[in-house]
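Computed from the coordinates by the stated procedures, all read-outs in this text should not be read as laboratory data. Keep in mind the model is a prediction, meaning the values are calculated, not measured. Neighbour counts run over all protein chains shown; Cβ positions are idealised from the backbone, glycine included.
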């Protein structure tokens with residue numbers, strides 16, 4: 001079973017949180033697959049990872065680009081894992097793949113959108129029933145992540 005960490009975005013938008021979390025994953029030697037809700041969002045996130053900070057960028061590719069197998073981060077709106085990622089990052093409820101096929105999963109959802117919160121609750125219940133280890137992270141007033149719940153089996 002996978003470890004699934006839910007990140008409740010309250011202080012930052014996805015566009016700020018995603019690059020930070022991906023940087024941490026790459027620093028740990030992980031390969032990531034980011035799922036997006038649409039082809040337009042794939043394009044948006046692709047552009048973001050090139051421009052999110054003036055002094056940095058994340059090596060990545062996106063649906064429609066060549067050689068996905070060589071990319072440490074792949075962004076898609078399809079049920080695919082062409083870079084053999086061990087980390088699944090779900091954005092905006094795009095749970096296209098079974099997290100059991102990954103070592104770890106991050107599920108990022110917008111706390112300002114009631115429908116995103118409700119969708120995340122449904123995913124949490126489904127993943128709990130499937131036996132995955134779950135953790136819930138919430139941002140404090142400074143934007144730091146605080147773990148609020150953990151059922152991860154170690």
Cα-only radius of gyration and Dmax that characterise the chain, units Å: 14.6, 43
Ascending count of other beta-carbon atoms within 10 Å, so fewest first, for 48, 9: 48, 9
For the stretch 71-111, the fraction of alpha-carbon pairs in successive 10 Å shells from zero, as %: 29, 61, 9, 0
Ascending count of other beta-carbon atoms within 10 Å, so fewest first, for 76, 31: 31, 76
The stretch 3-68 shape via C-alpha gyration tensor axes, a/c threshold 1.5: rounded
Potential lengthening between residue 150 and residue 117 on full extension [0.36 nm per residue; Cα-Cα distance subtracted]: 10.1 nm
Order of 49, 33 - criterion: other Cβ atoms within 10 Å of each residue's Cβ, fewest first: 49, 33
Beta bridges by DSSP in the chain, antiparallel share as percent, to the nearest 5: 20 percent
Estimated 222 nm signal from helices in the chain, with DSSP H stretches of n ≥ 4 weighted -39500 (n - 2.57), rounded to 500: -9000 deg cm²/dmol
The stretch 89-154-the stretch 10-53 distance, computed between alpha-carbon centres (Å): 16 Å
